[in-house]
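Inspection log for the structure reproduced underneath, given as structure tokens.
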Amino acid sequence: MNSTTDNSVPTVRTRADLLRQVAAWKRAGETVGFVPTMGALHGGHLSLVEKAREKASRVVVSIFVNPTQFAPGEDFDTYPRTEESDLQKLASVNADLAYLPGVEEMYPDGSLTNVRVESMSDLLDGLFRPHFFYGVATVVARLFLHAQPDVAVFGEKDYQQLQIIRRMVRDLGFPIEIIGAPTARDADGLAQSSRNLYLSAEERRNAGALQAALHRAAKRIGAGTLPSEALGEATALLASAGFGKIDYVSLVDPGTLQDLPDEVLAPGSAARLLGAAWMGKTRLIDNISVTR
Ligand code: PAF
């Protein structure tokens, strides 16, 4: 383990060093919370660390920009890499350890084995980024094997990812409790995301409309408006706020992520409203729960 300065957090870079530290904690009767990230940490990530800290006596955060969840032409090469400031931020929320594996540590010898959570990975974001959730499930399964946590925390902002990880954990029997943490938002409601850094000042001013449109649609559906009508209005609001391509605005079953047609949403039932749209060259996603 590398001990760093007071305003940084200790780091390990290999699976063996991580396992050694985790095993020592477990021998001492401690529990381990885990927060996987791709770095470029913001308030949203730090709130996940705080949630993990409530659930476990030790908190490990991984930082790994996972190549298998980026398609050719996506932003893998330009994805912000800010290791030094990430480690300082992790120290500010008392994370115990940062795991910073390289590609060879995560995918030794290239690796031929992948994890696919079928059907749930092919809807919503999966329609627009077909490789994405396969890369996510594969790296998260590997990170779980490296970190062996008792609890792992994921943000509700990436709602489809959270549900896919829950399903993977259930299907494969990982002895890990998955916690979904509420989305951290800026003052205008924009969900905090590392990719918000890509927005120009004008785009940033308009981007809050995504949350506002979903919020309004959720309220209207809750009050009895037909989902198709509320979703149509949300799409129009996004277009008038300056969003270009609108990938989807969809109302789905909160567990299976299957589309909920108008006639299916019974009074008292819960649903999830998700949206993805492009502000300039930046793709933003958000979601909100709906109760009729
Ligand atoms: O949400 C993310 O940052 C990533 O998809 C994750 C879970 C760290 C896997 O690379």
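Here the dipole of region 205-292 is about 440 debye; that uses its Cα centre as origin and unit charges on the Cβ of Lys and Arg (positive) and Asp and Glu (negative). In terms of surrounding Cβ atoms within a 10 Å radius of their Cβ, Phe174, Phe128, Phe34, Phe154 rank from fewest to most as Phe128, Phe174, Phe154, Phe34. Straight-line cross-link partners of Lys219 among the lysines, defined as a Cα under 19 Å from its Cα and at least 8 positions apart when in the same chain: Lys157.
Only Cα pairs under 8 Å and 6+ residues apart enter the sum, and on that basis the relative contact order of region 164-291 stands at 23 percent. Rounded to the nearest 20 debye, the dipole size of region 80-217 about its Cα centre is 460 debye, using +1 on the Cβ of Lys and Arg and -1 on the Cβ of Asp and Glu.
For Cα pairs less than 8 Å apart in space and 6+ apart in sequence, what is the mean separation divided by the residue count of region 1-132, i.e. the relative contact order in percent?
Numbers: 174 pairs, mean separation 41.5, N = 132.
About 31 percent, as a whole number.
Exposure proxy ranking for Asp75, Asp171, Asp96, based on other Cβ atoms within 10 angstrom of each Cβ and starting from the fewest, stands as Asp171, Asp75, Asp96.
Taking the Cα atoms of the chain, the ratio Rg/Rh between the radius of gyration and the Kirkwood radius comes to 0.97. Using only the alpha-carbon atoms, how far is helix 15-27 inclined from the longest principal axis of the chain? Give it as 0 to 90 degrees, nearest 10. Between the helix axis and the principal axis of the chain, the angle is about 80 degrees. Computed from Cα positions, the angle between helix 43-55 and the longest principal axis of the chain comes to roughly 60 degrees. Label sites at Arg27 and Asp188, each approximated as a point 7 angstrom past Cα along Cα to Cβ, lie 5.4 nm apart. In this label model, Glu202 and Glu263 are separated by 4.6 nm, measuring between points 7 Å along each Cα→Cβ vector. Ordered by the count of other Cβ atoms within 10 Å of each Cβ, fewest first, Val12, Val59, Val151 give Val151, Val12, Val59.
Relative to the dominant Cα principal axis of the chain, helix 159-172 is inclined by about 50°.
On full extension of the chain, what length is gained from Thr82 through Leu145, given 0.36 nm per residue of separation minus the C-alpha to C-alpha distance? Could the numbers behind the result be given before it?
Numbers: separation 63, 0.36 × 63 = 22.68 nm, distance 2.53 nm.
Taking 0.36 nm per residue and subtracting the Cα distance, the gain is 20.1 nm.
Just so you know, all these numbers are worked out from the coordinates, no wet-lab data involved. Because the structure is predicted, anything quoted here is derived from the model rather than measured. Don't worry about glycine lacking a Cβ; one is built from the backbone with ideal geometry, like all the others, and counts go over all protein chains shown.
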